[in-house]
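This report concerns only the one structure given below.
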Amino acid sequence: MGSLAQTVIAPQGPLLRYAEKLLEGVTPAQFARQPLGRNGIIDTNHPAFIFGHLSVYPARICAIAGITDSALANPPGFEGLFAAGSVCKDDPDGTTYPPMQEVTAHFFEGHRQMFARLAELSDEQLAAPHGQENDFSRAFPSRAALLAFYVGPHPFTHIGQMSAWRRCMGLPSAF
């Protein structure tokens, strides 16, 4: 494994451990619920949305890296519900979002497979341009730079939302 691959996959262990810890005590009935505050529903992302949103990224990340693998494909409907720009909705009846087990399984399995595949890439493959053409991706000139963002700051930002959600839902700190 090249040094760029080591750098890109470094967040794997902490990310997956943190995600598991933050899910402790969360029930399927709470999974797609937004917290209720004094003035009504608090407009924040709930676990179904957080984990669903992050679960669609392994396929995207691998595509940016030049990896094609049908095992990383997203289940039908996930892209529409969880793509960037999608709006998180309270789901008291459990009819908008897939069940907790389906979402979290896709998140964890997708991330494990993605990190394993990224570890196979050479420094030359990761140093290559990523081919994405938008204002955001221009800030990251190589595959390694863009992938490092997508596997580090991006998921940790969203997983971190779980801590606030837990407190709003009356759950204790995960740590």
Subset of segment 21-45 (residues that are surrounded by fewer than 18 Cβ atoms within 10 Å (Cβ to Cβ) and either touching a helix residue (DSSP H, G or I) at 6+ places or on another chain (Cβ under 8 Å) or part of a loop (DSSP other than H, G, I, E, B) (or both)): E24, G25, T27, P28, A29, G37, R38, N39, I42, D43, T44
Taking segment 125-140 and keeping only residues that are over 21 Å from Q6 (Cα atoms), part of a loop (DSSP other than H, G, I, E, B) and not hydrophobic (A, V, I, L, M, F, W, C), one is left with G131, Q132, E133, N134, D135
In segment 50-93, what residues are modelled with pLDDT under 95 and at positive phi? G66, G85
Only residues that are basic (K, R) and in contact (Cβ under 8 Å) with a residue 24 or more places away in the chain: list them for segment 24-78, please. R33, R60
If I filter segment 48-104 down to residues being surrounded by 15 or more Cβ atoms within 10 Å (Cβ to Cβ) and acidic (D, E), which single residue comes out as nearest to the chain's Cα centre (by Cα)? E102
Filtered residue count, segment 143-175, keeping only those that are touching a residue at least 60 places away in the same chain (Cβ under 8 Å), in a loop (DSSP other than H, G, I, E, B) and touching a Ser or Thr at 6+ places or on another chain (Cβ under 8 Å): 1
Give the number of residues within segment 57-108 that are touching an Asp or Glu at 6+ places or on another chain (Cβ under 9 Å), closer than 17 Å to Q12 by Cβ and in a loop (DSSP other than H, G, I, E, B). 1
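The values are calculated or read from the model by the stated rules, or taken from the named source; none is laboratory data. This is a predicted model, so every value here is computed, not measured. Positions of Cβ are backbone-derived with ideal geometry, glycine not excepted, and every protein chain shown enters the neighbour counts.
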